[in-house]
1. For Leu166, are the conditions met, namely being under 25 Å from Asn26 (Cβ atoms) and not in a strand (DSSP E or B)?
2. Could you tell me whether any residue of the stretch 252-261 is touching a residue at least 24 places away in the same chain (Cβ under 8 Å) and in a loop (DSSP other than H, G, I, E, B)?
3. Against the definition (more than 16 Å from the chain's Cα centre (by Cα), part of a loop (DSSP other than H, G, I, E, B) and in contact (Cβ under 8 Å) with a residue 12 or more places away in the chain), how does Leu141 come out, yes or no?
4. Here are Ser153, Ser136: which of them is out of contact with any strand residue (DSSP E or B) (no Cβ under 8 Å at 6 or more places or on another chain) and assigned to a loop (DSSP other than H, G, I, E, B)?
5. Of all residues in the stretch 164-207, which are in contact with a Cys (Cβ under 9 Å, 6 or more places away or on another chain) and of a type in the set (A, V, I, L, M, F, W, C)?
6. It is to be established whether one or more residues within the stretch 231-242 are of a type in the set (Val, Ile, Thr) and farther than 26 Å from Asn298 by Cα.
7. Got a number for residues in the stretch 61-87 being charged (D, E, K, R) and assigned to a loop (DSSP other than H, G, I, E, B)?
8. Select from the stretch 118-136 the residues that are among the charged types (D, E, K, R) and without any contact (Cβ under 8 Å) to a residue 60 or more places away in the chain and write down the one among them that is nearest to Ser193 (Cα to Cα).
Amino acid sequence: MWGKTTIKDVASKCGVSTATVSRAINNNGYVSKELKDMILSACSELGYIPNSTARSLKINSTGIIGYITSDISNQYHITVAKAIEDIIRPSNYNLIVCSTRNSRISEEQYLKLLLGRNIDALVINTTCENDDFIVSISQKLPTVLVNRRLSVSGFHGDFADGNNVLGTYLLTKSLLEHGHKSIYVLEGSYKFSNARERYEGFRKAMAEAGIDTETDYPYRYEGDFTEKSGFDGVVHMLHHFDHAPTAILGTNNAMTIGTLKALHTYHISVPEQMSVVGFNGIDNLELMTTRPTIANYNPYEIGTAAGQFVLDRIDDLSLENREAIFDPVIIPGNATSTPRII
């Protein structure tokens, strides 16, 4: 388990000086291969991650909070970062932002990098593939999850997100009210808790309408919450169904934009031939000619909650786990009509 292990702990375990440990891990000066292997093995066993600055060796606080997010090119995550920064700056903390592109390896590397900087707290929109590592970090370091939960127990920290189930439930109800029953759902990876929750909202609304989506529902596409996967999902729809769905539900803003681009590329008119609704806000939606109905969340509000959670937990790591879940606001658009056949 990761903790505040020091270079002295490694030196004591190996029966050598801290200078020898430093030479071994920094490849600075001679250390025999056998001794170097023993030292590196001890580092791994003890969970020691070298600090990158002399300052962090001397004082307990660096004034740095790390924010690891899935896609910093998405305006939603930029706004979350800005909100966190606005909350922590008056308390003299700085924010380091890292973007994983949903890569497990990148996330693990960033976690180790930030821990090496001896950060004071961590906010993370996780890939959901380093859960045990994040749980171990949360025992010793103030940690806040944003948008995605862990799939393992033992996490000690806080969570901020929108109400995923309610958002897709309301969007699906709006399509059902227009007579749509064959609704194509463009999803994020099923490993993500928020992707699963958003499908649960869809499933709940469909079940109330007497439509079973629990088993073998054909109109699903597993993307990765990117614009490209929204575009690719439409291409998949056009090539894999004899009877095309009559509406598309994009489960995040990027996938909804990708959907609209694909429909335009393939000359499918909205809403005359295909209705579209989307999850999360789209920038400058009011300027668009075609405006999907949106389940809108305020990312600044979510980031503000995460930032306050961080400051509270820095002051008292023993706080019980807390959550801030925000309900969506439905913004009606003009991209929904009664079903048509392509």
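1. Taking the combined requirement at face value, the residue does not satisfy it.
2. There is at least one residue in the stretch 252-261 that is touching a residue at least 24 places away in the same chain (Cβ under 8 Å) and in a loop (DSSP other than H, G, I, E, B).
3. The answer is yes for Leu141.
4. Sole residue among the options that is out of contact with any strand residue (DSSP E or B) (no Cβ under 8 Å at 6 or more places or on another chain) and assigned to a loop (DSSP other than H, G, I, E, B): Ser153.
5. Phe192
6. yes
7. So the count comes out to 1.
8. Asp131
The values are calculated or read from the model by the stated rules, or taken from the named source; none is laboratory data. Just so it is clear, the structure is predicted and the values come from calculations on it, not from any experiment. Please note: Cβ atoms are built from the backbone with ideal geometry, for glycine as well, and neighbour counts cover all protein chains shown. SASA here: full protein model, heavy atoms, side chains in, ligands and nucleic acids out. Shrake-Rupley method; radii C 1.70, N 1.55, O 1.52, S 1.80 Å.
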